[in-house]
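Chemist: Sharing a structure with you now.
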Amino acid sequence: YNKSYLKRNILGNTLSSLQKYSYILSWSTASGVSLNKFVFLDYGGGAGILSLLAKELKIGTVIYNDIYPISCKDAKVIGELVGNQADYYVPGDIDTVIDFLRTNAIACNSVVSNNVIEHIYDIEGFLKKLCLLSDTSLNVVMASDGSIFNPLIRKSSTKKQLEAEYKDCQKEWGHKERDCLRAYLKVRQKMILNYSRDLTQEEVDRLARSTRGMIQADIKKSVDEYLKTGEFPREPVHPTNTCDPYTGNWEEHLMNPYHLKTVLSKVGFKARVLSGYYGHPKNVAKRMLANFLNLAIRIFRKQGIRIAPFFMIYGRKEAP
């Protein structure tokens, strides 16, 4: 899986990829703490590129994390081979990371992710827990492609969501084993039918449609509520957002970054929404277009997010 990810997302245009990671790193390390004493958390690190660059930058303590244990093992192998191994590799979700930090008496100076938050099932709950990562000053830098504002991203993500919802997938080389291959709608129909055999096919189908974007435990709660009250769950407001019913992994969750900023602000962070920039493609014509778009993003400031390739949620919590 990680070989496939590196080939598709990093090695195709290494320079542009490293420029994006450098941009993220710059914001994450902007503090009064010297790098040799800095504690850096790479949340949802995947193949571990951010961790590698953090060690290359001579950051004192680098903690790699991913919910997928195979990625943790692979990232450690890659780190060993290139001589930039992270100090810790922690498999699990945000609660596991918080427990690890408390057990080891570690306080983070920054928590960073790239293309992770658009997959987290309970994104609001996740953001509210970030303040528990440190009792000192903390930078939060979360980059994501899942913006509702960029029409090209919206179109591309919508296509992926519809395919995940209605089409079965074939297992191919590089498939992530925790990801479901069956159409999400079919999975929810089967879950609901197995949970309550007394439902008619029409009821099963309607419940399956209205529980789009729910994990199995929440689907069962919705069925229980329907059996108790006779009222179907309210269908999702967004027409295509959907998630894997087994894991809760969102399929390119399209989100409003300003809502995420508000959530982060309510738990003590001074939060901002930042526009990302295009890297330098190998093709000359594409490079000229990228330079023009980057200039437009900078000039139009807040409105630049509509043409930006990604956005960042930046938050700063000062020490008490």
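Chemist: Need the failing condition index for GLU118 against (1) more than 29 Å from ARG178 (Cα to Cα); (2) open to solvent by less than 40 Å² (accessible area, probe 1.4 Å); (3) among the charged types (D, E, K, R), just the number.
Modeler: (1)
Chemist: Which members of segment 104-137 meet the condition of being closer than 24 Å to LEU53 by Cα and of a type in the set (Ser, Thr, Tyr)?
Modeler: Of everything in segment 104-137, those that are closer than 24 Å to LEU53 by Cα and of a type in the set (Ser, Thr, Tyr) turn out to be SER110, SER113, SER134, THR136, SER137.
Chemist: Also: Of the conditions (1) closer than 30 Å to LYS286 by Cα; (2) among the hydrophobic types (A, V, I, L, M, F, W, C); (3) at pLDDT below 95, ALA30 satisfies every one except a single condition; which number is it?
Modeler: Going through the list (1) closer than 30 Å to LYS286 by Cα; (2) among the hydrophobic types (A, V, I, L, M, F, W, C); (3) at pLDDT below 95, ALA30 breaks only (1).
Chemist: Please tell me if LYS58 is loosely packed, with under 14 Cβ neighbours inside 10 Å and over 26 Å from ASN294 (Cβ atoms).
Modeler: Judged against the criteria, LYS58 is a match.
Chemist: Name the pairs whose Cβ atoms lie under 8 Å apart, with the first residue in segment 139-161 and among the basic types (Lys, Arg), the second in a strand (DSSP E or B), and 6 or more positions between them or separate chains?
Modeler: ARG154/SER147
Chemist: Give the residue that is farthest from ARG316 (Cα to Cα), with candidates limited to residues of segment 73-89 that are assigned to a loop (DSSP other than H, G, I, E, B) and either open to solvent by 50 Å² or more (accessible area, probe 1.4 Å) or touching a strand residue (DSSP E or B) at 6+ places or on another chain (Cβ under 7 Å) (or both).
Modeler: Of everything passing the filter in segment 73-89, GLY83 is farthest from ARG316 (Cα to Cα).
Chemist: For segment 90-104, does any single residue satisfy the condition of being crowded, with 21+ Cβ neighbours inside 10 Å and assigned to a loop (DSSP other than H, G, I, E, B)?
Modeler: no
Chemist: Right, LYS37: of a type in the set (D, E, K, R), closer than 22 Å to THR136 by Cα and surrounded by fewer than 22 Cβ atoms within 10 Å (Cβ to Cβ) or not?
Modeler: Judged against the criteria, LYS37 is a match.
Chemist: Could you tell me whether any residue of segment 184-191 is of a type in the set (Ser, Thr, Tyr) and within 18 Å of TYR277 (Cα to Cα)?
Modeler: For segment 184-191, residues of a type in the set (Ser, Thr, Tyr) and within 18 Å of TYR277 (Cα to Cα): absent.
Chemist: So which of TYR277, TYR226 is at pLDDT 95 or above and over 30 Å from SER28 (Cβ atoms)?
Modeler: TYR226
Chemist: Moving to a separate point now. All but one of (1) surrounded by 13 or more Cβ atoms within 10 Å (Cβ to Cβ); (2) not in a helix (DSSP H, G or I) hold for ASP168, so report the exception by its number.
Modeler: The single condition ASP168 does not satisfy is (1).
Chemist: Among the residues of segment 128-141, is there at least one that is assigned to a helix (DSSP H, G or I), in contact with a strand residue (DSSP E or B) (Cβ under 8 Å, 6 or more places away or on another chain), surrounded by 21 or more Cβ atoms within 10 Å (Cβ to Cβ) and at pLDDT 95 or above?
Modeler: Within segment 128-141 (the criterion being assigned to a helix (DSSP H, G or I), in contact with a strand residue (DSSP E or B) (Cβ under 8 Å, 6 or more places away or on another chain), surrounded by 21 or more Cβ atoms within 10 Å (Cβ to Cβ) and at pLDDT 95 or above), the answer is yes, since at least one residue qualifies.
Chemist: Out of everything in segment 175-199 that is part of a loop (DSSP other than H, G, I, E, B) and within 19 Å of GLU235 (Cα to Cα), what residue ends up being most open to solvent (accessible area, probe 1.4 Å)?
Modeler: LEU199
The values are calculated or read from the model by the stated rules, or taken from the named source; none is laboratory data. Everything numeric here is computed off the predicted structure, so don't read it as measured data. Positions of Cβ are generated from backbone atoms using ideal geometry, with glycine treated the same way; all protein chains shown enter the neighbour counts. Ligands, DNA and RNA are stripped out before the accessible areas are found, and what is left, the full protein with its side chains, is counted by its heavy atoms. Shrake-Rupley method; radii C 1.70, N 1.55, O 1.52, S 1.80 Å.
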